[in-house]
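Structure first, commentary second.
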Amino acid sequence: MAETNKIDMNQYLTFKLDDEVFGLAIGKVREVLDFTTVTRVPRTPEYMRGVINLRGSVVPVVDLHMKFGLAQTEKTVNTCIIIVEIDIEGEVTILGALADSVQEVVELEPDQIEAAPKIGTKLNTEFIKGMGKREEQFVILLDIDKVFSHDELSQVQRAEVQAPAAS
């Protein structure tokens, strides 16, 4: 059993935002969905695109493009929603993250991962777990629990509660 956990910790689902490749620890990923209709929830942050109905549950969907300061994700045939589990003070929240496309599950050994770059004091890179090196390409490994601040996740949770009244 310990061997299985070790393997899971080294596996990452890779996906693209523009031309950059990102990775999420496979243990945080529940599933990948084709892009579907997202219902906008009033008075939520711009990066929060809305909510979807996932087998009877309301799941907030965030646009990682916008969260990272890029233009809104454009819908293409490859656009997808990665359903992830985020830990908020010990409580698990389910969230959908828009991505341009999902690539593959890769296994990265510790010697293939470097620490996140320290880029001055003004840029917060604590949500970057590290930089994976695969062949000649970098994979930006995200710590999905740290991509959003506690306040931002609280807004997302409020959207889940507002959604039934809004639809």
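The values are calculated or read from the model by the stated rules, or taken from the named source; none is laboratory data. The shown structure was predicted, so the numbers you read here are calculated from the model rather than taken from an experiment. For neighbour counting, all protein chains shown are included, and Cβ atoms are generated from backbone atoms with ideal geometry for every residue, glycine included.
Results for (1) among the polar types (S, T, N, Q); (2) part of a loop (DSSP other than H, G, I, E, B); (3) more than 19 Å from VAL21 (Cβ to Cβ); (4) at pLDDT below 90, shown as yes or no for each residue.
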{"site": "LYS75", "(1), (2), (3), (4)": "no, yes, yes, no"}
{"site": "ILE81", "(1), (2), (3), (4)": "no, no, no, no"}
{"site": "GLU85", "(1), (2), (3), (4)": "no, no, yes, no"}
{"site": "ILE94", "(1), (2), (3), (4)": "no, no, yes, no"}
{"site": "ALA97", "(1), (2), (3), (4)": "no, no, no, no"}
{"site": "GLN103", "(1), (2), (3), (4)": "yes, no, no, no"}
Check: Within segment 31-51, is there a residue that is surrounded by fewer than 17 Cβ atoms within 10 Å (Cβ to Cβ), acidic (Asp, Glu) and in contact with a helix residue (DSSP H, G or I) (Cβ under 9 Å, 6 or more places away or on another chain)?
Finding: yes
Note to self: Between a residue in segment 135-158 that is under 21 Å from ARG30 (Cα atoms) and any residue that is acidic (Asp, Glu) and modelled with pLDDT under 80, which pairs come within a Cβ distance under 7 Å, given they are 6 or more apart or on different chains?
What the structure shows: LYS146/GLU126
Next item on the list: Please specify each residue of segment 8-20 satisfying the condition of being touching a residue at least 24 places away in the same chain (Cβ under 8 Å), at negative phi and surrounded by fewer than 18 Cβ atoms within 10 Å (Cβ to Cβ).
Entry: ASN10, GLN11, LYS16, GLU20
Notebook entry, point to check: What is the one condition in (1) out of contact with any helix residue (DSSP H, G or I) (no Cβ under 7 Å at 6 or more places or on another chain); (2) more than 30 Å from ASP111 (Cβ to Cβ); (3) modelled with pLDDT under 90; (4) surrounded by 15 or more Cβ atoms within 10 Å (Cβ to Cβ) that GLY69 does not satisfy?
Noted result: (4)
